[in-house]
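Q: Got a structure for you, written out below as structure tokens; questions coming shortly.
The values are calculated or read from the model by the stated rules, or taken from the named source; none is laboratory data. Treat the numbers as computed from the prediction; the structure is a model and nothing was measured. We place every Cβ from the backbone using ideal geometry, glycine too, and count neighbours over all the protein chains shown.
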Amino acid sequence: MDIVNFIKILLRRKLILFILPVIAIIITYFLVKNLPDVYKSTAQLATGITDESQLSITAEGQALQQFDIQNKFGNLIELMKSKKVIDLVGFKLLKNDLSTSKPFREPSKLMLTLNQEAKTNVLKILDYKIDSMQSLTNAIADERGIIELLESMKYDYNSLLTKMKVEREGSSDFIKVEFESENADLSAFVVNTEILEFIRYFKKLTAIKSDVALNYFADLAEQKKQELDAKIDDLKRYKMANGVINLYEQTKALVDQKSELELAREQQNKNIPALKEAIDLIDNKFTGKEKLYFEADARPYNERIVSLKDRIKVLTDEYITKGLDDKDIENQLIETKKQLEAEITIASDKFLMDPNAPKDELVVKRIEYELDLEISRYAVQSMDKELGRLNQLVMSFAPKEAEISAYEREITVAQDVYLMILNKYNLARFDNMNLVETMKQTEFGEPANKPEASKKMLTVILAGVVSLLMSVVLIFVLEYIDQTLKSPKQFTKITNLELLGNLNRVKKSQINLKDIFSESQLDPESELFRQLLRSMRYSLSEKLNGKKFLLTTSTEDNTGKTLVISCLAYSFALIGKKVLIIDTNFSHNSLTINFGASPSLEDFLEDLVSVDNAISKTSMNNIDVVGCRGGSYSPDELGGLQNFKNKIVNLTHGYDLVMMEGAALNKHSDAKELSNISDLIIAVFSANSIVEDSDKYSIDALISFGDKFAGAVLNNLSTEYLEEVYGDIAKKRSWFRKYTKKIVKRNLSQKKLKDTQVS
């Protein structure tokens, strides 16, 4: 549905678009005209949520997230609108009306029935509920009566909440409370009491929640602290049991000591081959006799040298064991080596090998090399032994390190958990304390001096606009779901059939064809009907092209076949065609009844009447009719189709056009049987009908007739829908309708050429 067609539809439904809003406006006016004036009062509450001047324990530069702020404000607003808080306001309102001489509202019928004792009892219950901040319950008879009393005075939860507005003021730290009523003092009392009771209730609620939360976090923090202390004690006991002071430093010292020993051992291993080679070179320079002499004379001194050598071995072993960094042992080694060198010098001076052979220097060197070789070998042995011991120590530290790492991991996890819970405890205590302390009423509601601007007229206008929009939507929905064949375009879209012609809806109860075709001045409706009938006659003449037998049928009953046949017959008669109408619609013999013809078709087929007696003359020139009795039978059952065809051919001699009517295709086979003796077939559809599933099968049957099917006639069309194929239709229109038509056609100027006169 495009916008142009929709505008046309709205224009056709203009009465609905006018009447419904008018009715809505009238009803709304009478509903709101007696409404009392409204007084509004406003109060303001500072929450302290976004107030940066307040003390905060959040990290420096760390602001509250927008989501957290909105969440907190949302929670506060919902709490202010809760039944608990608003019930307390209602209790105080009812208490005021019962206990003072200036009630906010006139007493209700129920309140007028209360005696003084009942009022005292109600006040007692209200005081208790206000002090304890409890709601009433229907389970108790007295409280159920008070609930009914509140409802009668419009002080109940639903009544108060309807007139109350609680919202945050922009992105500020404030919450605004508004209330509207017929009494200025009542409005001010409600907003102030609402904030007062909310703060009181919030403090109580916060205290309860705070105690529960703080106790929970305190107990949990104490439990986690005990677990942390226990794990620290376990690590301490393990270190003491395994002699571990600082595993990392101890391991590092052992590794450093190993490195030094390995370097020193490498140096001693390098010295041993060199010393051996030096001794061998010296030995090669001595004869066997010289060696014996020297070894024999040097025994006394060798014993002292051996003693010093043993001393050097002991000191070397001790020096290596202590990591080559003990200065006292190092000094003793140096001193012992000096003593050894001195002994070697004495031995070389007093016990020479041979006076005639000056080889004393070689003897000294040999002795020194032997001593150095022996010391180096012993040093290597001591170092290997010490390295083995250090390796065993390092290997023994591996499982200790794993155990200590496991202990330290457990301590770290326990410490993190403890600190996290401790932080939550501090935050919970601070937040609850801070929010309660910073929440206060900053603006108090005052009774309004004058009522609010009346919204009665706005309500009336709004009712009219809403009803107009609803009417437009309703029309759109109805048109959207409307599947009637209401226009030629809709018909072609749904049926895919070719349109032979269209006929508009005539509102007259009886159509006078003679007047329609003879009068020069007709009303627009009749004039349109005449022109459409002429157009259809021309299209049908082109299709006939000398053919004679025309069958008119439809998919369903009551589509106007009789009207179409009558009008077509008259229009063809006007151009000199001699027309014979044969009523072959045995289920509905409307043609026979309308023309008052003799029901002789069945008798003629059975040779009971002659041709002249079978044909009935009409009041119209060139139009004759053969009527039928009608009944529950088909043309084939009247002696067979071939006999039927032969009889009809004999009957129609001298006629230019023979028009037959077939029963509806959906329920009868008459039209299908008559198609065998017809030259052309047309189908009549009503614009008010829709295409059902049964119609689709009948449409397929029409298509199956092939070239015999001349097209469809769309009957009973609304004038507005005919404009899409006919063009502008002359009729009376208001100036608004005319201008709207220009807008729809997108031709605002709509200039016309004037007739040019030729002289």
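Q: Can you name the number of the only condition in (1) surrounded by 19 or more Cβ atoms within 10 Å (Cβ to Cβ); (2) at pLDDT 90 or above that Leu605 fails?
A: (2)
Q: Pairs, please: C-beta under 8 Å, at least 6 apart or cross-chain, first residue basic (Lys, Arg) and in the range 546-567, second buried (at least 24 other Cβ atoms within 10 Å of the Cβ) and in a loop (DSSP other than H, G, I, E, B)?
A: Close Cβ pairs satisfying both conditions: Lys561/Ser554; Lys561/Asn585.
Q: Which members of the range 547-586 meet the condition of being part of a helix (DSSP H, G or I) and within 15 Å of Ser678 (Cβ to Cβ)?
A: Across the range 547-586, the qualifying residues are Lys561, Ile565, Leu568.
Q: Something else: Which residues, taken from the range 671-686, are closer than 14 Å to Ala712 by Cα and in contact with a Ser or Thr (Cβ under 7 Å, 6 or more places away or on another chain)?
A: Ile681, Ile682, Ala683, Val684, Phe685, Ser686 - these are the residues of the range 671-686 that are closer than 14 Å to Ala712 by Cα and in contact with a Ser or Thr (Cβ under 7 Å, 6 or more places away or on another chain).
Quick grid of which residues meet (1) in contact with a Gly (Cβ under 8 Å, 6 or more places away or on another chain); (2) outside any helix (DSSP H, G or I); (3) at pLDDT below 90; (4) of a type in the set (Val, Ile, Thr):
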{"site": "His588", "(1), (2), (3), (4)": "yes, yes, yes, no"}
{"site": "Asn613", "(1), (2), (3), (4)": "no, no, yes, no"}
{"site": "Met620", "(1), (2), (3), (4)": "no, yes, yes, no"}
{"site": "Asp624", "(1), (2), (3), (4)": "no, yes, no, no"}
{"site": "Ser632", "(1), (2), (3), (4)": "no, yes, yes, no"}
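Q: Within the range 167-185, can you find the residues that are in a strand (DSSP E or B) and either of a type in the set (D, E, K, R) or outside the structural domain of Met439 (by TED's automatic domain parsing) (or both)?
A: Scanning the range 167-185 gives Glu167, Arg168, Lys176, Glu178, Glu180.
Q: On to the next question. When you go through (1) surrounded by 12 or more Cβ atoms within 10 Å (Cβ to Cβ); (2) over 37 Å from the mean Cα position of the chain (by Cα); (3) at pLDDT below 75 one by one for Ser53, which number turns out not to apply?
A: The single condition Ser53 does not satisfy is (1).
Q: Step by step: first the residues of the range 154-165, then only those that are crowded, with 20+ Cβ neighbours inside 10 Å and touching a Leu at 6+ places or on another chain (Cβ under 9 Å), then the one that is nearest to Phe104 (Cα to Cα). Which residue is that?
A: Tyr155
Q: What residue, of Glu479, Glu519, Glu498, Glu542, is more than 28 Å from Ser587 (Cα to Cα), modelled with pLDDT of 90 or more and either surrounded by fewer than 20 Cβ atoms within 10 Å (Cβ to Cβ) or over 59 Å from the mean Cα position of the chain (by Cα) (or both)?
A: Glu542
Q: Would you check if Ala712 is farther than 22 Å from Asn502 by Cβ and in the same structural domain as Phe644 (by TED's automatic domain parsing)?
A: So Ala712 does not fit the description; no.
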